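Take a look at the structure set out below.
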Amino acid sequence: MAVTQITKALIGEEDLNIGTGTVSRATSTGGTTTITKLNISSLATAPTTLEVDSATPTVSANSVFKTANTVATTITNFVDGTSGQIIWVIIGDALTKIDFTSNTSLRGNGGSDWTPTTNDHMQCVYDGTSWYCNVSDNTTYNGILDED
């Protein structure tokens, strides 16, 4: 399989923004190559609400998700992921807990369960068996830092 170097000359801005399909471009060696258009508007999407009150929400629909639980909910796994998938989960409620200690597929937070607050988030990557997660406490610091 030949590898084509992608350059600005090969892919014009219009190729990135016009939906789907293919386009032919001249190569530096005098030939042509066909490339598949990339719709960049689909790369940055709004968060999808995770299944409400589910311990095992599906993550096949997007890469950015937000919780909206209405009762205390402990997430033990994300389902329908694909190997290599990276997801961001924004905590949109005060009722979500992440289980990193039970026999789950979630790995992170030093092996301790995580009780985030609203607006915290985590990023996870799936290896086909487990989700490896980095958690982020987004609590605003309102104090004064000593810069001595």
Rounded, prolate or oblate for segment 74-120? Axes are the square roots of the Cα gyration tensor eigenvalues, ordered a ≥ b ≥ c, and the cut-off for rounded is a/c under 1.5.
oblate
Karplus (6.51, -1.76, 1.60) ³J(HN,Hα), θ = phi - 60°, over segment 94-100, in Hz, Gly and Pro reported as x
9, 10, 9, 10, 10, 8, 9
Counting only other residues whose beta carbon sits under 15 Å from that of residue 67, what net charge do I get with K and R as +1, D and E as -1?
-3
Cα-based Rg/(2.2 N^0.38 Å) for segment 45-136, rounded to two decimals, is 0.94
What's the exposure ranking of 79, 125, 71, going from fewest to most Cβ atoms within 10 Å?
71, 79, 125
Net charge near residue 47 (other residues with Cβ under 15 Å of its Cβ; Lys, Arg +1; Asp, Glu -1) is -2
Most exposed first, judged by fewest Cβ atoms within 10 angstrom, 59, 89, 135 run 135, 59, 89
Sum up the charges of everything whose Cβ sits under 12 Å from the Cβ of residue 87, counting Lys and Arg as +1 and Asp and Glu as -1, but leave residue 87 out.
0
Counting other beta carbons within 10 Å of each residue's own, what order do 50, 95 fall into, fewest first?
95, 50
Amide H neighbours of residue 113 under 5 Å, at least 5 residues apart or on other chains, H built in the peptide plane: list them.
100, 101
Taking amide H atoms as placed 1.01 Å from N in the peptide plane, list the residues 5 or more away in sequence, or in a different chain, whose amide H sits under 5 Å from that of residue 65.
48, 88, 89, 90
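The numbers here are math on the coordinates, done by the rules we state, and not lab data. Remember, it's a predicted structure, so these values are computed and weren't measured experimentally. Here the Cβ is made from the backbone with ideal geometry for all residues, glycine too, and neighbour counts use every protein chain on show.
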